[in-house]
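Each value in this text was obtained by applying a stated rule to the coordinates, not by laboratory testing. All values derive from a computational prediction rather than experimental measurement. Note: ideal-geometry Cβ built from the backbone for every residue, glycine included; neighbour counts use all protein chains shown.
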């Protein structure tokens, strides 16, 4: 079960990154009549991040041997860079990305005008995309993982 959920979680990250980049592109190029496109890309980004969050929480609290070990002794986990990354840094950055996307969509709905909506979405989606990129376990790092799991 752990391997299957980890593979799905690993592959959906690419959908989330594509949705984040697509949302940023559409918002930055927003013009006449593109509000529906912006909403669709924002919704796609939010949905992929929500699925990632659910899978990540399942891994974090139930399935992952790394976080199970880390949660038993957080002091020891904080001294181990790879354990610390998955126990604290990864989950914090990804949770921040989810929150930023949700907050951005709510703030955009409450915006007074199109320019204000666009700016709110650009800021929130941009910060979320940055958090996703910063929180990923890139190959070559101490906590690195393969880009594509099979």
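Among 90, 102, the order by Cβ neighbours within 10 angstrom, fewest to most, reads 102, 90. When the chain is treated as a Gaussian network with alpha carbon springs shorter than 10 Å, the biggest mean-square fluctuation among 114, 87, 131 belongs to 114. Largest mean-square fluctuation among 23, 111, 96, in a Gaussian network model of the chain whose springs join Cα atoms under 10 Å apart, belongs to 111.
For 86, 130, 148, which order do you get if you count the other beta carbons within 10 Å of each Cβ and list the fewest first? Can you show the working numbers first?
Values: 86 22, 130 15, 148 8.
With the fewest neighbours first, 86, 130, 148 line up as 148, 130, 86.
The long axis of helix 35-58 is offset from the longest Cα principal axis of the chain by roughly 10 degrees.
Considering only 109, 13, 120, the Gaussian network model of the chain with Cα springs below 10 Å gives its largest mean-square fluctuation to 109.
The C-alpha atoms of the chain define a longest principal axis, and helix 2-28 lies at about 30 degrees to it.
Fewest neighbouring Cβ atoms within 10 Å first, the residues 28, 3, 10 line up as 3, 28, 10. The spacing between the range 26-85 and the range 102-150, judged by their C-alpha centroids, is 10 Å. May I ask for the angle, rounded to the nearest 10°, between helix 114-135 and the longest principal axis of the chain, with both axes built from Cα atoms and the value confined to 0 to 90°? The helix 114-135 is inclined about 20 degrees to the chain.
Over the chain, calculate the relative contact order: mean separation of alpha carbon pairs under 8 Å at least 6 apart, over the residue count, as a percent. All intermediate terms of the calculation are to be shown ahead of the outcome.
On the way: 155 pairs, mean separation 40.3, N = 150.
This gives 27 percent for the chain.
Extension gain, residue 148-residue 28: 0.36 nm per intervening residue step, less the Cα-Cα distance, totals 40.3 nm. Only helices enter this figure: runs of n ≥ 4 DSSP H residues, each worth -39500 (n - 2.57), summed and divided by the residues of the chain, yield -24500 deg cm²/dmol at 222 nm to the nearest 500.
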